[in-house]
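Derivation of every value follows stated rules applied to the coordinates shown; laboratory data play no part. Owing to the predicted nature of the structure, the values given are computational and were not obtained by experimental measurement. Here Cβ is always computed from backbone atoms with ideal geometry, including for glycine, and neighbour counts include all displayed protein chains.
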Amino acid sequence: MIWTRVASAVIVLVCFASSAVSAAESAPDALDYRVELTTASSGFDGQTCWVHARAGAIPAAAPGNPGRATLVVMTMQKLLLTGSDVFYPLHNLWTDDLGGTWTEPQLQPVFERQVMGDEIEMTVCDFWPKWHAASGKLLGTGHTVWYENNRVMPVRKRHTAYAVYDPDSHAWLPWNELQMPDEPRFANAGGGCTQRFDLSNGDILLPIYFKRPEDKVSSTTVVRCRFDGAKLRYVEHGDELSVDVPRGFGEPSLAKFGDRFFLTIRNDVKGYVTSGTGGLRFDPPKPWTFDDGTELGNYNTQQHWVTHSDGLFLVYTRRGADNDHVFRHRAPLFMARVDPDRLCVLRATERVLVPERGARLGNFGVTDVGPAETWVTAAEWMQPQGVEKRGSNNSIWVAKLKWNRPNRAIE
């Protein structure tokens, strides 16, 4: 196989925080970062676009990466613009020089759609790769989606899908489904677009959302799994969280900061947050707000965490940013520090990571590349028709967060 290397474009450099940040935040020894905004790919054909750009990092000198730099593997898939959530097989691209150059996207045949019946097909979407240190494997998780006549089936089964990356062939091995308890409420259950946390003993805390296929409201929980390097197994699950608001809770993401775990959750009306100890038990969720008590303005889309040993951050989209023309206000992409005690976003720390150019940015990922660097990856989702008139061209953005002091949690 011939691999074509493409240069990554460095777009802009955002320097350290402005004077709007509190005195404590702007002290000389305070945690801070700069943002180097680059692209891994760009170009729009007018009929499809890349979505779900998320990456996993294989550390230098780890199994499968003999080089001196972290090997970053990104997955993404094509979306049919004339449909709603009509996805095609995952593709793979990678960089071994910290994003200086990227390979061209390569089709991963193991993710081709499977024929399940007359005009019925199934595939994997909402995928997220992440390094599993205990096994020395890059493990990706997502969920299955079923189509009838190339439209998402309204009543369908859903499972968490997972796959292991083979660095020797630069390809994903055949995917499998996580087997949940054989109960009706888990017939539609999956970990699509969710951010997991790996425990030091190798166990995986994987947030999922679930319901009976005919139900309208989903609940969220965290599943403790065991992974032996090939098979992912259910061990137990924690509190079942829900809210009596259209569609309930979905796309939860988990992080640990200090001795507590934090869960951020999507809802149609507003985003929610909760915390707890142990990773399975949580306080009642509450809506996200700024530290002045006003609502954050995030709704009907996901939020994810950026964690540093010295600070907890949220990446999100929201209303109120001169962005009423953007679908569900899903651009620009913001990041701000979180007060872990009050569970609120510190407004003065908010920065734009990826600018708004008409297209939405709500389906994104976070990757710990090393102690000094974290990446936020996002694809310009080219729906509805005409967003390109504001400058978007289906760029795959890589916002590199360069920390001013090492993240001891991943040293």
Q) Taking Cα centroids, how far is the stretch 88-157 from the stretch 288-364 in Å? A) 26
Q: Based on the mean of other Cβ atoms within 10 Å per residue, sort peptides 157-163, 289-295 so the most packed one is first.
A: 157-163, 289-295
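Just need the relative contact order of the chain here, percent rounded to a whole number, with Cα pairs under 8 Å and 6+ apart.
14
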Q) Straight-line reach from Lys231: which aspartates and glutamates have a Cα under 14 Å away, not including same-chain ones fewer than 8 places off? A) Glu177, Asp203
Q | Net charge dipole size for the chain [Lys, Arg +1 and Asp, Glu -1 on Cβ; Debye, nearest 20] | A | 220
Q: Would you please classify the overall shape of the stretch 184-302 from the alpha carbon gyration tensor, given that a ≥ b ≥ c denote the square roots of the eigenvalues, rounded means a/c under 1.5, and beyond that prolate means a/b larger than b/c while oblate covers the rest?
A: oblate
Q: Find which of Asn393, Leu296, Pro207 sits farthest along the positive direction of the dipole of the chain, computed with +1 on the beta-carbon of Lys and Arg, -1 on that of Asp and Glu, about the Cα centre.
A: Leu296
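Arranged from highest to lowest average of other beta-carbon atoms within 10 Å per residue, in what order do the peptides 263-276, 93-106 appear?
Output ranking for 263-276, 93-106: 263-276, 93-106.
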Q | Mean Cβ count within 10 Å, highest first, over the residues of peptides 205-218, 178-191 | A | 205-218, 178-191
Q: Using the charge dipole of the chain (Lys, Arg: +1 at Cβ; Asp, Glu: -1 at Cβ; taken about the Cα centre), state which of Cys125, Pro154, Pro184 has its Cα farthest towards the positive end.
A: Pro154
Q.
For Rg and Dmax of the Cα atoms in Å, pick the label among (1) 21.5, 77; (2) 19.8, 65; (3) 26.0, 105 that corresponds to the value derived from the coordinates.
A. (2)
(Q) Taking the alpha-carbon distance from Lys286 and a cut-off under 16 Å, which lysines remain once sequence neighbours fewer than 8 residues away in the same chain are dropped? (A) Lys270
**Q.** Whether the stretch 263-411 is rounded, prolate or oblate, judged on the alpha carbon gyration tensor where a/c under 1.5 counts as rounded
**A.** oblate
Q: With unit charges on the beta carbon (Lys/Arg positive, Asp/Glu negative), name the residue among Gly83, Trp50, Val72 whose Cα is farthest towards the positive pole of the charge dipole of the chain.
A: Gly83
Q) How much FRET efficiency would the formula 1/(1 + (r/R0)^6) give for Val352 and Arg68, where r is the Cβ-Cβ distance and R0 is 25 Å, rounded to 0.05? A) 0.15
Q: Let me see the pair-distance distribution of the stretch 159-225: every alpha carbon pair, 5 Å bin width, integer percents in order.
A: 4, 15, 22, 22, 18, 11, 6, 3, 1
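Mind checking the dipole of the stretch 281-410: about its Cα centre, +1 per Lys or Arg Cβ, -1 per Asp or Glu Cβ, Debye to the nearest 20?
200
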